[in-house]
Amino acid sequence: MARSAKRTRSTNETSVTVELKLDGSGRSSVTTGIGFLDHMLDALARHARLDLKLKAEGDLIVDDHHTAEDCALVLGTCFDDALGDRAGIARFGSAYAPLDEALARVVIDFSGRPSATVELGLTREAIGQIACENIAHFFESFATTARCALHVDVLRGRNDHHRAEAAFKALALAIRQAVCIDGDAVPSTKGTLS
């Protein structure tokens, strides 16, 4: 069975369409109107070996918040849909990823219970057209609709671009590990994930 999903979310602030294939090859087509976010989502798809199409149109004349948030919410919903009852997945994933002097660690549990702890340590106000606070908010919003426990910690780094990119790459590697097929049972002592 194909582990894939497609969702559209349209509000007065944004219109976001996401197509996700968990068992992909790392292909992506991402257009959010926020260059740095496009770059991060391309890296996420490539390193998680997902196929991802994401198109967003948002009220960027206001700022980047609604677009970043809604992209994360729809992407997370697609993960939730594609994982179904989560039977057979490894469930847990953890990874470190460096980018030059920066080092990030991500631990994820597709437990069915959303929670996020995000410590990026970014010091700039923005990277490109995205406010640094909205990078952390992206991770938090993704965890909410993907229904996962997510811990993102950037352990070191002087350059905020490197810190953020290392975090996305570590997320990709942790996701790749957590969604891989590792049997056929629901990976829970309760017999259900929620």
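The values are calculated or read from the model by the stated rules, or taken from the named source; none is laboratory data. As the structure is a prediction and not an experimental result, all values here were calculated from the model. Virtual Cβ from ideal backbone geometry, glycine too; neighbours counted across all protein chains shown.
Of all residues in region 92-121, those that are more than 16 Å from A146 (Cβ to Cβ) and touching a residue at least 12 places away in the same chain (Cβ under 8 Å) have Cβ atoms under 8 Å from Cβ atoms of residues that are surrounded by fewer than 18 Cβ atoms within 10 Å (Cβ to Cβ) and of a type in the set (G, A, S), 6 or more apart or on another chain, in R105/S94. Pairing each residue of region 128-140 that is closer than 16 Å to N159 by Cα with any residue that is surrounded by 19 or more Cβ atoms within 10 Å (Cβ to Cβ) and of a type in the set (D, E), provided the two are 6+ apart or on different chains, yields C-beta distances under 8 Å for I130/D64; A131/D64; C132/D160. You will find that of H161, H137, the residue that is modelled with pLDDT of 95 or more, of a type outside the set (A, V, I, L, M), farther than 26 Å from K21 by Cα and outside any strand (DSSP E or B) is H161 and no other.
Which one is surrounded by the most Cβ atoms within 10 Å (Cβ to Cβ) among residues in region 122-140 that are of a type in the set (G, A, S) and more than 14 Å from F168 (Cα to Cα)?
First, pick out the residues of region 122-140 that are of a type in the set (G, A, S): 126, 128, 131, 136.
Now drop any that are not more than 14 Å from F168 (Cα to Cα), which leaves 126, 128, 131.
Numbers: A126: 16, G128: 12, A131: 18.
The residue in question is A131.
When region 153-173 is examined, which residues are found to be more than 18 Å from S94 (Cβ to Cβ), basic (K, R) and surrounded by fewer than 22 Cβ atoms within 10 Å (Cβ to Cβ)? Result: R158, single match. From the list A136, A95, A72, A87, the one residue that fits, being within 20 Å of V179 (Cα to Cα) and in contact with a Leu (Cβ under 6 Å, 6 or more places away or on another chain), is A95.
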